[in-house]
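Participant: Provided herewith is a single structure, encoded as structure tokens, for subsequent inquiry.
Where a number appears in this text, it was derived from the coordinates with a stated rule and is not lab data. Because the structure is predicted, anything quoted here is derived from the model rather than measured. A quick note on method: Cβ atoms are made from the backbone with ideal geometry, for glycine too, and the neighbour counts reach across all protein chains shown.
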Amino acid sequence: MNQADEETLNNLIKGGLLGAGLTALLKQEADGEDIAVGALLGAAILASIKASERAKETKIPILVQEGDSLYWKHPDGHKEFFKKLPTDSNHLPPKFKLS
């Protein structure tokens, strides 16, 4: 296991412990299932935050949704319109390309 893998694993454990602890603290009668769900959510949230931080370091634009539109958000902060999303869900195809 390399350094990055160890860091990722440590972050998942920290997020899981944090989520389990918050669940036990916020829910007065938390059972094992509640605590397990809290641990999974904590790990997922922390993993998402870390992934977002690493994505910013790549200097590659990311796709963000604002309302019913998609934009490319560039590392310098400016946004470039990409595509308008359909508003009526009855007309959405089962699969579509973003390009």
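Participant: Which percent of Cα-Cα pairs in the chain sits in each 5 Å bin, short to long?
Facilitator: Here the calculated profile for the chain is 2, 11, 13, 13, 11, 12, 15, 14, 7, 1.
Participant: If you don't mind, another one. Could you size up the charge dipole of the stretch 3-57 around its Cα centre, putting +1 on the beta carbon of Lys and Arg and -1 on that of Asp and Glu, and report it in debye to the nearest 20?
Facilitator: Dipole magnitude for the stretch 3-57 comes out near 220 debye.
Participant: Just want to confirm a number: the relative contact order over the chain, from Cα pairs under 8 angstrom separated by 6+ residues, in percent.
Facilitator: 18 percent
Participant: What value, in deg cm²/dmol to 500, does the helix sum -39500 (n - 2.57) over DSSP H runs of n ≥ 4 give at 222 nm once divided by the residues of the chain?
Facilitator: Calculated mean residue ellipticity at 222 nm is -18000 deg cm²/dmol.
Participant: Same structure, new question: Which number gives the lysine pairs in the chain that have C-alpha atoms under 17 Å apart and are eight or more places apart or on different chains?
Facilitator: 12
Participant: Right, something else. Please list, in order along the stretch 38-47, the HN-Hα scalar couplings obtained from phi with the Karplus expression 6.51 cos²θ - 1.76 cosθ + 1.60 (θ = phi - 60°), rounded to whole Hz, x for Gly and Pro.
Facilitator: Per residue, the Karplus-derived 3J(HN,Hα) values read x, 5, 5, 5, x, 5, 5, 5, 5, 5 Hz.
Participant: To the nearest 20 debye, what is the magnitude of the charge dipole of the chain about its Cα centre, counting +1 on the Cβ of each Lys and Arg and -1 on the Cβ of each Asp and Glu?
Facilitator: Dipole magnitude for the chain comes out near 540 debye.
Participant: Could you give the angle, 0 to 90 degrees to the nearest 10, between helix 3-26's Cα long axis and the longest principal axis of the Cα atoms of the chain?
Facilitator: The answer is roughly 70 degrees.
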